[in-house]
Amino acid sequence: MLKKLIRVCLVSSLVIVGATSALPALAFQTIVIVRHAEKVDESRDPLLSEKGMQRAQNLARMLRDANIEQIFATEYQRTQLTAKPLADSKQLSLTPYVAKESLALGQQLRGASKNTLVVAHSNTINTVLKGLGVSGQKEVAEDEFDRMVVVHLNQQGAPEVTILRY
């Protein structure tokens, strides 16, 4: 009787293991969205200030183990300079996008499978988020440079959002 019970348990275990190993693994994707770092002035396309350059270095250190595989930054120097230290450390090229096309970028990223950094502007972060299927986030203030929005996407549900400061 005991041998029969052990055999039934063993067969049941193999059936369960076989069934679960046939299930597809959930694919997760992480999109990190930040505003560009502090700029030197209010001109149309300024460089980063010294504080901004330090923030860009901090961003690179913070994301060094985040498995970022692609980086998008708008056509402006301040966004590209914010992303540059991470791009250099990971030997990735920056992919520029037009700030006015932030919604399309979010929609494009929603269907991708790579972990991504997006460097945007205070008035375009929520547009990228909308493209990713995220709504209801607080607007980024004009004097706020330390907000980091981390969006986790998977095939099974709604995006999960975490707000950090760096």
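The values are calculated or read from the model by the stated rules, or taken from the named source; none is laboratory data. This is a predicted model, so every value here is computed, not measured. Quick reminder, even Gly has a Cβ in these numbers, built from the backbone with ideal geometry, and neighbours come from all protein chains shown.
Overview of results
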read-out: Yes/no for K100 being farther than 21 Å from D146 by Cβ and modelled with pLDDT of 95 or more; value: yes
read-out: Test: residue in the range 97-111 that is more than 16 Å from the chain's Cα centre (by Cα) and of a type in the set (S, T, N, Q); value: no
read-out: Some residue of the range 129-152 being out of contact with any His (no Cβ under 9 Å at 6 or more places or on another chain), basic (K, R) and under 12 Å from R35 (Cα atoms); value: yes
read-out: Candidates Q70, Q29, filtered to the one that is modelled with pLDDT under 95, closer than 21 Å to V128 by Cα and touching a Lys or Arg at 6+ places or on another chain (Cβ under 9 Å); value: Q29
read-out: Qualifying strands (runs of 3 or more DSSP E) (wholly inside the range 23-102; at least 1 residues being basic (K, R) and closer than 20 Å to T162 by Cβ); value: 28-35
read-out: Criterion violated by L2 - all others in (1) over 27 Å from K130 (Cα atoms); (2) at pLDDT 95 or above; (3) not charged (D, E, K, R) satisfied; value: (2)
